[in-house]
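A short worksheet on the structure shown next.
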């Protein structure tokens, strides 16, 4: 019997269990980080749609509308901006922003889909006749 009350084999078993479980815990933590990053991009897409809709409410220039969406989302590589609705005073105009994102966290990107599509739509009332 040892002083600590546990045998040498039991301590080795705990070490082995930790060695088996630790990679799964690390992978789970990386997956949580990836989900957080994707959530952040989803919020950014919604903000870009709102900004583009605000600009669409005061102008019909599609270049300005797209620029507003891009400015709200720095670093967006693949961004699509669609404007829909009548451009008449008092009517609702809808702007849809779509971004395709690739998971970037190492090891987790093999588990997640190759690309994730984030879509957001915002509506505003046209303010300029």
Can you sort 55, 116 by how many other beta carbons sit within 10 Å, fewest first? 116, 55
Helical mean residue ellipticity (222 nm; -39500 (n - 2.57) per DSSP H run of 4+; nearest 500) of the chain: -17000 deg cm²/dmol
Full-stretch length increase - residue 11, residue 123 - with 0.36 nm per residue and alpha-carbon distance subtracted: 34.1 nm
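If each residue's Cβ is checked for other Cβ atoms within 10 Å, how do 65, 93, 58, 20 rank with the fewest at the top? Let's see the in-between values first.
Numbers: 65 25, 93 21, 58 13, 20 9.
Final ranking by Cβ density, sparse to dense: 20, 58, 93, 65.
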Once the Cα atoms of helix 62-72 and of the chain are each reduced to a long axis, what angle between those two axes, in degrees from 0 to 90 to the nearest 10, is obtained? 30 degrees
Consider the candidate values [x] 59; [y] 46; [z] 53; state which one is percent of Cα pairs over 20 Å apart computed from the structure displayed. [x]
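Coordinate-derived values only; no laboratory data. Predicted model, so just to flag it, every value in this text is computed and none were measured. Because the Cβ atoms are built from the backbone with ideal geometry, glycine has one as well, and the counts that use them run over all protein chains shown.
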